[in-house]
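The values are calculated or read from the model by the stated rules, or taken from the named source; none is laboratory data. Please read these numbers as outputs of a predicted model, since none were measured by experiment. Counting neighbours? That spans all protein chains shown, and the Cβs are built from the backbone with ideal geometry, glycine included. Surface areas here come from the heavy atoms of the whole protein model, side chains and all, with no ligands, DNA or RNA. Shrake-Rupley method; radii C 1.70, N 1.55, O 1.52, S 1.80 Å.
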Amino acid sequence: MIATLTGYPRIGANRELKFALEKYFRNEMPWQELADKAAALRAENYRVMKEKDIDLLPVGDFSYYDNTLDAAFMTGVVPSRYLGSGLSDDEIYFAMARGLQNQKADLKALSMKKWFNTNYHYIEPEYDGVNPLKLNTFFLEPLISQAEGEDFDCRICITGPFTLASLVRITDGSSREEFARKLIPIYTDLIAWLNNRGCQWLSLAEPSLVKDLTKDDTRLFTEIYSRLLEHRGNLKINLDTFFGDIRDVYQDAISLNFDGISLDFVEGSQTIELVRKHGFPSGALLTAGVISGRNIWRANYDETVRLLLELKDRGIRVAVGTSCSLLHVPLTLRNEPGIAAEKIRHLAFAEEKLAELRDLKAIVNGQEGFEQILAANRDLFARARTENDPQIAERIAALGDDDFRRLPARSRRQELQRKKLGLPLFPTTTIGSFPQTAEVRGVRRKFRNREISAEEYRRQISDITRDCLKRQEDLGLDILVHGEFERNDMVEYFGEHLSGFLFTANGWVQSYGSRCVKPPVIWSDISRKEPITVEMSRLAQSMTGKPVKGMLTGPVTILNWSFPRIDVSLRTMVLQLALALKEEVEDLEKAGIGIIQIDEAALKEKLPLRKSDQVKEYLEFAVPSFRLLESGLRPETQVHTHMCYSEFGEIIPWIDSMDADVITFEASRSDLRLLDSLSQVNFGTEVGPGVYDIHSPRIPSVEEITASLEKIAEKTDIRKVWVNPDCGLKTRGWKETEASLKNMVEAAKIMRARYDRSEAAQA
Ligand code: GLN
Ligand code: ZN
């Protein structure tokens, strides 16, 4: 049995690629220097993989920004507006990734979307039908050349045509099938090109196969691959699938004569059953994804070995592999001196997962010393990793229906809140954070490094907060926020005040391009150690006569942006978080905070990819957890929630049933189309569809915002409309923030004048 994987983190142990990219973006590093740095990072990765005895190394998984964008670029799926302005290949690529504004061009970036159910983002390719597709090996060639200079066997790992076709945005009116057929000759050219280079293996990543597929989809899949496989020549072709099982195409896939297929045995709940039931082609290589590419826990060798042996006993040629690319976990535990050895031994980041692949190979192959390896692993699992808190379990067991129901009904609460708050029509507010300037970050850094005392820190943060409130008052906003200056990050900040979390110093995971996140680890049962936001909220409220929203991150978002445990269910963790935060919400109310916002920015993230799994495996506990938080509040206390991605699709009724009083969400980029769907389901929550895009420094005009508000007013009960930007303002500067908000408040006033009059006329 051999060991392999389909992708490895590319950012570097100290985020070298991030910093090099950012220099290149600022024109402080030429393209060639960036390319050399990237090659050095890959060389280091190859060294580690060889050291860990990996037999088939991934090549081609490296990306300067994103693999889906790479595949689009490689096949010539480049909208014509990016061509013809005299840009070089690298400039075109990065213009698609992040926009380009200079003497040569003024181009917006393509849109960015969530990669399946991960927190990684991909660039949505766009096909406008203008230029014929054509193979472009600009980025691939250096990867292959480098691999040729090394002594290892490898697989060229690239996004496959079926997935590329399922993710592309087509703007010339042609169908997805037509587009996919246009890709076939390009991938055929790629195969010929790789054959010429003497490559052994091409592995095509097709994660779209784990979603619900129609008959047309499976037909298209078969058509694409029967044609590609005809042209394979000496190249072996592997079908790489991950993030679930491929129940809808398994039988088609095994009858296609692939040289290899990678299957996900970790997240693919039916994978083993599919193999048992339908078998696996003899002679083909089954890469068994048994080491999770998503979590950071050590694998239980007894369980994995049992599975690998079963496959072998079935006469299948097996390679041991990871369930998906290791891109989704941090690189190495070597840079975590702060975590006790007792805990470290239970964790595995990418590098440690390579060692696990080596171990499993040794055990299954019966190599010398395999008994010790197995014994050491058994020892790790012999005792529970952490003790559970019986009191928390009791509290969860005691929850009844009433704990998940806020009374009275929302429409009644909304009436009471309107009376109490006395807000005008089109009330204005913001999402929570205000510019995190160098000054603000400096204050937090000095406190962290003990350069200033706790008292001094509090004084400085409170000055900044007072200034922020004053600016909001001057702008004329109706509902204020404290600005979140004390928070480094909306998850880490809460994790630090809850028991059960473990933090890494360098556990960075790529989110998109040069952006990385550092998710905390949920280590044990969660409870609240101390009040988290109460002091800050009370202080802010004491500084102004206007209402200040209390602000916290919701349980689902904290869960989804952390590495979860695997010894308890997602449901258990969400309920623990909800109970902990419920205490916080109730303390805020007691402290006199009349409006509380619970951010659920990442509510949709772990929504199962298959419809049939969505309710039972997710929505059924994710949504009630929100109601648990608010069920003890007085009817006059107004509960807001905020979500970043308005791609709610069919879960709109679920979002309404969270039973918040008000929801603010991102809508400015999706043309407010969502409003139609909201009115269709009779959405009961008051809504603040973001009226401008905070991801850009551009200042929206009063007319523009008024026009959006008119559209909103047309489709929504105007007494339920809120006016706000589409997300927090922490990444913006003060200048554009104040200018934008000034226009927003002005637009709200214009709307009031128009509608107050018409309301009065009706009365
Ligand atoms: N309250 C948070 C903020 O304004 C919400 C951030 C988010 O939605 N990602 O920063
Ligand atoms: Zn947001």
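Anything in segment 424-461 that is open to solvent by less than 20 Å² (accessible area, probe 1.4 Å) and not in a loop (DSSP other than H, G, I, E, B)? List them, or say none.
Initial filter on segment 424-461 (open to solvent by less than 20 Å² (accessible area, probe 1.4 Å)): 426-435, 440, 442-443, 461.
Those that are open to solvent by less than 20 Å² (accessible area, probe 1.4 Å) and not in a loop (DSSP other than H, G, I, E, B): Thr428, Ser433, Val440, Gly442, Val443, Ile461.
Among the candidates Thr572, Thr557, Thr544, which residue alone is assigned to a helix (DSSP H, G or I), among the hydroxyl-bearing types (Ser, Thr, Tyr) and in contact with a helix residue (DSSP H, G or I) (Cβ under 9 Å, 6 or more places away or on another chain)?
Details: Thr557 fails: in contact with a helix residue (DSSP H, G or I) (Cβ under 9 Å, 6 or more places away or on another chain); Thr544 fails: assigned to a helix (DSSP H, G or I).
Within the list Thr572, Thr557, Thr544, the selection yields Thr572.
Can you tell me which residues in segment 491-506 are farther than 29 Å from Leu110 by Cα and not in a strand (DSSP E or B)?
Glu492, Tyr493, Phe494, Gly495, Glu496, His497, Phe503, Thr504, Ala505, Asn506
For segment 505-551: of the residues being touching a His at 6+ places or on another chain (Cβ under 7 Å) and over 30 Å from Gly592 (Cβ atoms), which is modelled with the highest pLDDT?
So, considering only residues that are touching a His at 6+ places or on another chain (Cβ under 7 Å) and over 30 Å from Gly592 (Cβ atoms), the one modelled with the highest pLDDT is Val509.
Yes/no per residue for (1) hydrophobic (A, V, I, L, M, F, W, C); (2) within 16 Å of ligand 2 (Cβ to nearest atom); (3) in contact (Cβ under 8 Å) with a residue 60 or more places away in the chain:
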{"site": "Gln436", "(1), (2), (3)": "no, yes, yes"}
{"site": "Asp463", "(1), (2), (3)": "no, no, no"}
{"site": "Glu473", "(1), (2), (3)": "no, no, yes"}
{"site": "Gly483", "(1), (2), (3)": "no, yes, no"}
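Take Ala180 and tell me if it is open to solvent by less than 30 Å² (accessible area, probe 1.4 Å), out of contact with any Asp or Glu (no Cβ under 6 Å at 6 or more places or on another chain), under 21 Å from Val78 (Cβ atoms) and not charged (D, E, K, R).
Details: open to solvent by less than 30 Å² (accessible area, probe 1.4 Å): yes; out of contact with any Asp or Glu (no Cβ under 6 Å at 6 or more places or on another chain): yes; under 21 Å from Val78 (Cβ atoms): yes; not charged (D, E, K, R): yes.
Answer is yes for this residue.
Residues to consider are Glu620, Glu600, Glu530; find the one that is among the acidic types (Asp, Glu) and open to solvent by less than 10 Å² (accessible area, probe 1.4 Å). Give the derivation first.
On the way: Glu620 fails: open to solvent by less than 10 Å² (accessible area, probe 1.4 Å); Glu530 fails: open to solvent by less than 10 Å² (accessible area, probe 1.4 Å).
The unique qualifying residue is Glu600.
From the list Tyr64, Tyr46, pick out the single residue that is over 22 Å from Ile291 (Cβ atoms) and either under 22 Å from the mean Cα position of the chain (by Cα) or open to solvent by less than 40 Å² (accessible area, probe 1.4 Å) (or both). Walk me through it before giving the result.
On the way: Tyr46 fails: over 22 Å from Ile291 (Cβ atoms).
Being over 22 Å from Ile291 (Cβ atoms) and either under 22 Å from the mean Cα position of the chain (by Cα) or open to solvent by less than 40 Å² (accessible area, probe 1.4 Å) (or both) holds for just one of Tyr64, Tyr46, which is Tyr64.
Identify all residues within segment 692-722 that are within 16 Å of ligand 1 (Cβ to nearest atom) and open to solvent by less than 10 Å² (accessible area, probe 1.4 Å); write none if there are none.
Answer for segment 692-722, where residues must be within 16 Å of ligand 1 (Cβ to nearest atom) and open to solvent by less than 10 Å² (accessible area, probe 1.4 Å): Ile694, Trp722.
Please specify each residue of segment 538-582 satisfying the condition of being in contact with a Leu (Cβ under 6 Å, 6 or more places away or on another chain) and among the hydroxyl-bearing types (Ser, Thr, Tyr).
Thr544 - this is the single residue of segment 538-582 that is in contact with a Leu (Cβ under 6 Å, 6 or more places away or on another chain) and among the hydroxyl-bearing types (Ser, Thr, Tyr).
Report the residue count in segment 533-542 for those that are open to solvent by 20 Å² or more (accessible area, probe 1.4 Å) and not acidic (Asp, Glu). Break it down stepwise before answering.
Start the filter on segment 533-542 by keeping residues that are open to solvent by 20 Å² or more (accessible area, probe 1.4 Å), which leaves 535-536, 538-539, 541-542.
Restricting the remaining residues to those that are not acidic (Asp, Glu) gives 536, 538-539, 541-542.
Selection size over segment 533-542: 5.
Tell me, which residue of segment 507-527 that is in contact with a Ser or Thr (Cβ under 8 Å, 6 or more places away or on another chain) and not in a strand (DSSP E or B) is surrounded by the most Cβ atoms within 10 Å (Cβ to Cβ)? Outline the logic, then answer.
Quick first cut of segment 507-527, residues in contact with a Ser or Thr (Cβ under 8 Å, 6 or more places away or on another chain) only: 517-527.
Within this subset, residues satisfying the condition of being not in a strand (DSSP E or B) are 518-520.
On the way: Lys518: 17, Pro519: 25, Pro520: 22.
Only one residue fits best here, namely Pro519.
If you scan segment 715-740, which residues turn out to be within 16 Å of ligand 2 (Cβ to nearest atom) and either hydroxyl-bearing (Ser, Thr, Tyr) or assigned to a helix (DSSP H, G or I) (or both)?
Thr731, Thr737, Ser740, listed by residue number.
Does any residue of segment 594-603 turn out to be of a type outside the set (D, E, K, R), at pLDDT below 95 and away from ligand 1 (no atom under 15 Å from the Cβ)? It would help to see each step written out before you state the result.
Initially, segment 594-603 is screened for residues of a type outside the set (D, E, K, R), giving 594-598, 601-603.
Narrowing further to those that are at pLDDT below 95: 601-603.
Next, only the ones that are away from ligand 1 (no atom under 15 Å from the Cβ) stay: none.
No, segment 594-603 contains no residue that is of a type outside the set (D, E, K, R), at pLDDT below 95 and away from ligand 1 (no atom under 15 Å from the Cβ).
State all residues of segment 614-653 that are among the charged types (D, E, K, R) and at pLDDT 95 or above; if no residue qualifies, say none. Spell out the reasoning first.
Filtering segment 614-653 for residues among the charged types (D, E, K, R) gives 616-617, 620, 627, 630, 634, 636, 647, 650.
Those that are among the charged types (D, E, K, R) and at pLDDT 95 or above: Glu620, Arg627, Glu630, Arg634, Glu636.
Out of the residues in segment 629-665 that are open to solvent by 20 Å² or more (accessible area, probe 1.4 Å) and among the polar types (S, T, N, Q), which is nearest to ligand 1 (Cβ to nearest atom)?
My answer is Ser657.
Can Asn488 be described as open to solvent by 20 Å² or more (accessible area, probe 1.4 Å), away from ligand 2 (no atom under 16 Å from the Cβ), assigned to a loop (DSSP other than H, G, I, E, B) and in contact (Cβ under 8 Å) with a residue 60 or more places away in the chain? Walk me through it before giving the result.
Values: open to solvent by 20 Å² or more (accessible area, probe 1.4 Å): yes; away from ligand 2 (no atom under 16 Å from the Cβ): yes; assigned to a loop (DSSP other than H, G, I, E, B): yes; in contact (Cβ under 8 Å) with a residue 60 or more places away in the chain: no.
Taking the combined requirement at face value, the residue does not satisfy it.
For the structure I just gave you, tell me whether Lys715 is within 20 Å of Pro424 (Cβ to Cβ), touching a helix residue (DSSP H, G or I) at 6+ places or on another chain (Cβ under 7 Å) and basic (Lys, Arg). Give the steps one after another, and end with the answer.
Numbers: within 20 Å of Pro424 (Cβ to Cβ): no; touching a helix residue (DSSP H, G or I) at 6+ places or on another chain (Cβ under 7 Å): yes; basic (Lys, Arg): yes.
No: the conditions fail for Lys715.
I'm trying to understand the selection: among the residues of segment 723-761, which are within 16 Å of ligand 1 (Cβ to nearest atom), more than 17 Å from Leu480 (Cβ to Cβ) and open to solvent by less than 10 Å² (accessible area, probe 1.4 Å)?
Listed by number, the list holds a single entry, Asp726.
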